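Data block below; observations after.
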Amino acid sequence: MSLGRVVSRILPVTLLTLPLAHWSGSPPDAPVLTAERPLHLEEQLELAMIEGSDVPDDVPQPVAWDFAEPQPEWKAVEPWGPEQTGPELSRTEDALRIAMGDVDVTDEDNDWAWGAIYIDVPDWERDDWERDDWAHVQVRARSEAEADRMWVGLFFNLRDESEREDEEDFDHFEFFGEMATVIRDGTVQTYSLRADWSGGQWKGPWKQLYLGFWAEKEASIDVLSVTVIPKEATYAGEPAGVRSEVRNRVYSRALYTHTPGRVEYRVRVPDAGRLDLGLGVLREDAPVTFRITASPAGAEPETVLEETYDDKENWGQRSVDLSHLAGQTVALTLETESPRPGTVALWAAPTLTGATVPEKPNVIFYVIDGGGADFMSVYGYNRRTTPNLERLAAEGAVFEWAYSNSTWTKPSTASFMTSLQNSVMGGQTNWTDPVRPSTCTEPVTRRRYSWPTPTPAP
């Protein structure tokens with residue numbers, strides 16, 4: 001895609017008459033971004049100038065199976081012994097129905113209804129299916145099961161029954177992947193499971209794609225489609241954009257581009273200016289060179305970071321000192337290149353911050369987990385459930401509206417402990433997701449960040 005077409009889509013109309021072929025930095029009338037509070041560059045993409053970042057013409061396409069039509073290649077996984085009840089497969093008008101067998105309530109070790117299907121992946125013997133080429137397996141399904149809990153799981157490569165280590169070994173697969181909780185309200189849901197990750201050390205080619213389903217009682221699920229998404233296909237819609245990405249259970253809002261490419265912002269560097277960001281790649285066999293330059297008006301670009309990175313499992317968290325440019329308006333440029341043109345490069349949460357916020361009054365957070373205002377007498381409940389809070393309120397103020405960075409305890413608590421929004425901090429989607437080690441939890445009066453801007457909630 002040409003530079004002119006990219007610029008015409010993302011820049012204000014007043015910039016379209018500029019002589020784009022003669023860039024030496026941002027034009028003087030480009031918007032100047034400031035960092036009175038943390039400036040998240042990935043959220044300012046519409047104010048950036050983009051050069052290159054062409055989407056390659058040969059992006060691999062997804063492979064999909066639509067169960068509105070018969071898909072005889074998909075087969076049931078048969079149980080290895082009489083102690084397991086195998087699944088029953090049947091067709092509905094638009095789906096493959098998988099009925100899971102009865103739960104054996106007399107056997108404490110076999111108290112789950114179970115069912116699984118699998119398919120030989122196309123052309124695996126010719127190594128056309130390298131798992132590093134694929135991003136996600138998306139399963140569209142619906143269920144109205146009455147079970148309290150139900151899961152869908154992704155697994156790889158069937159084992160032969162002769163490989164059983166003992167009679168208690170019921171694993172039909174060589175490698176397990178991600179799992180997701182099934183929504184059981186009858187609506188069609190899409191479950192996206194990583195295709196390039198598995199528990200344990202992966203060995204050999206990808207032979208079979210295996211989907212397993214478990215429930216606490218007899219249940220069924222209708223599978224409407226299964227789609228395997230190539231890594232590059234996810235980013236083929238635009239030359240540059242923003243997506244939520246996860247590396248080693250750390251979630252970040254990431255700016256993506258295609259190599260070679262550059263994204264340029266015009267920013268005023270604050271006192272003690274610093275740019276924090278993560279480097280990310282999709283593939284180990286396509287390393288990316290990341291480069292950041294800063295160009296004050298009339299000066300040569302200064303390279304403030306340059307690094308070749310190839311770790312697809314982790315973010316390369318980096319901090320760039322811009323304090324020597326404090327007070328100056330510069331063209332801040334994020335550049336990428338790779339031996340393989342079109343390779344996707346990820347800039348995770350590039351955030352420009354400034355000097356320490358002024359001293360604030362001492363504040364003590366008294367946190368009650370799961371305390372609903374509708375059951376607190378301080379908010380008018382007819383039983384006196386919170387007398388101590390009422391005494392505190394008599395000497396202070398009671399607020400009628402709450403602002404939260406999340407809908408549940410763990411991420412919202414982490415947000416007010418760090419003064420960072422959940423999306424910036426990395427995201428916690430379950431009880432085991434960590435707060436990234438680089439996140440600062442010092443008192444906010446000693447930190448470089450200001451309070452996040454919350455979204456009002458009733």
Hits in the range 184-219 - residues which are open to solvent by less than 40 Å² (accessible area, probe 1.4 Å) and small (Gly, Ala, Ser)
Gly186, Ala195, Ser198, Gly199, Gly212, Ala215, Ala219
Taking the range 288-298, which residues are hydrophobic (A, V, I, L, M, F, W, C) and open to solvent by 50 Å² or more (accessible area, probe 1.4 Å)?
Ala297
When the range 374-393 is checked residue by residue, the ones that are open to solvent by 50 Å² or more (accessible area, probe 1.4 Å) and closer than 19 Å to Ser404 by Cβ are Asp374, Phe375, Tyr379
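Matching residues to (1) open to solvent by less than 50 Å² (accessible area, probe 1.4 Å); (2) within 22 Å of Ala233 (Cα to Cα); (3) of a type outside the set (A, V, I, L, M):
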site: Gly280; (1), (2), (3): yes, yes, yes
site: Ala286; (1), (2), (3): yes, yes, no
site: Leu305; (1), (2), (3): yes, no, no
site: Lys312; (1), (2), (3): yes, yes, yes
site: Gly316; (1), (2), (3): yes, no, yes
site: Gly327; (1), (2), (3): no, no, yes
site: Leu334; (1), (2), (3): yes, no, no
site: Arg340; (1), (2), (3): no, yes, yes
Pairs, first within 22 Å of Asp66 (Cβ to Cβ) and among the β-branched types (Val, Ile, Thr) in the range 226-246, second open to solvent by 10 Å² or more (accessible area, probe 1.4 Å) and assigned to a strand (DSSP E or B), C-beta under 6 Å, six or more apart:
Val226/Trp65; Thr227/Ala64; Thr227/Gln138; Val228/Val63; Val228/Trp134; Ile229/Ala135; Ile229/His136; Thr234/Ala135
Thr439: passes all of (1) modelled with pLDDT under 75; (2) within 23 Å of the chain's Cα centre (by Cα); (3) open to solvent by 40 Å² or more (accessible area, probe 1.4 Å) but (3)
In the range 262-278, what count of residues is obtained for those that are within 23 Å of Gly52 (Cβ to Cβ) and open to solvent by 10 Å² or more (accessible area, probe 1.4 Å)?
2
Given the conditions (1) among the charged types (D, E, K, R); (2) part of a strand (DSSP E or B); (3) surrounded by fewer than 19 Cβ atoms within 10 Å (Cβ to Cβ), report the number of the one that Glu245 does not fulfil.
(3)
Restricting the range 362-387 to residues that are more than 21 Å from Ser412 (Cβ to Cβ) and touching a helix residue (DSSP H, G or I) at 6+ places or on another chain (Cβ under 9 Å), which is modelled with the lowest pLDDT?
Asn362
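The values are calculated or read from the model by the stated rules, or taken from the named source; none is laboratory data. For clarity, every value in this text was computed on a predicted model and none was experimentally measured. Cβ coordinates were reconstructed from backbone atoms using ideal geometry, including for glycine residues, and neighbour counts include every protein chain displayed. Ligands, DNA and RNA are stripped out before the accessible areas are found, and what is left, the full protein with its side chains, is counted by its heavy atoms. Shrake-Rupley method; radii C 1.70, N 1.55, O 1.52, S 1.80 Å.
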